[in-house]
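Report on the following structure.
The values are calculated or read from the model by the stated rules, or taken from the named source; none is laboratory data. Just so it is clear, the structure is predicted and the values come from calculations on it, not from any experiment. Note: ideal-geometry Cβ built from the backbone for every residue, glycine included; neighbour counts use all protein chains shown.
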Amino acid sequence: GRSSTPQNVALVHVEQSLDCMEVDLASLESVRTFASKLTAKYPSIYALVCNAGVWVPMEEERKTGDGYEIHFGVNHLGHFALIKSVVDHMAKSKEECRVVLVSSGLLRSGKIDMDKQDFVYEGRKVEAAATEEGTSTSRTS
């Protein structure tokens, strides 16, 4: 099975205890299964914090199990699917609820070509570029 890495472990705080439940944000089926188990186990959910994320070099051209580019699939679609799967359950709570989305400084370096929309399946293209010293390096566009 998969190891429990930061992007696929959800921690649930319940009355001074911690309950660990696994979710793989790179798999929409895993997200749906997790949400189903979460809402069945906890009648009230007051907060959902989406803090998981991945970064891998674009050269690796990694994909999610559903075929999406890994960054888009995990950092955006996985969280969206989780929120969509539990928000109605949260709305039934008698308490005020919150959904919190957390990001990182990497957002400043991201570039999306909205005309091509290739970020969904292909991600940003990596191209060779010459440095000032004349050596070849890789960069993302």
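Can you pull out the residues in region 1-59 that are of a type in the set (Lys, Arg) and modelled with pLDDT of 85 or more? So that I can check it myself, show each step before the final result.
Step one: of region 1-59, the residues of a type in the set (Lys, Arg) are 2, 32, 37, 41.
ARG32, LYS37, LYS41 - these are the residues of region 1-59 that are of a type in the set (Lys, Arg) and modelled with pLDDT of 85 or more.
In region 47-63, is there at least one residue being β-branched (Val, Ile, Thr) and surrounded by 19 or more Cβ atoms within 10 Å (Cβ to Cβ)? Working first, answer last.
First, pick out the residues of region 47-63 that are β-branched (Val, Ile, Thr): 49, 54, 56.
Retained after the next criterion (residues that are surrounded by 19 or more Cβ atoms within 10 Å (Cβ to Cβ)): none.
No: zero hits.
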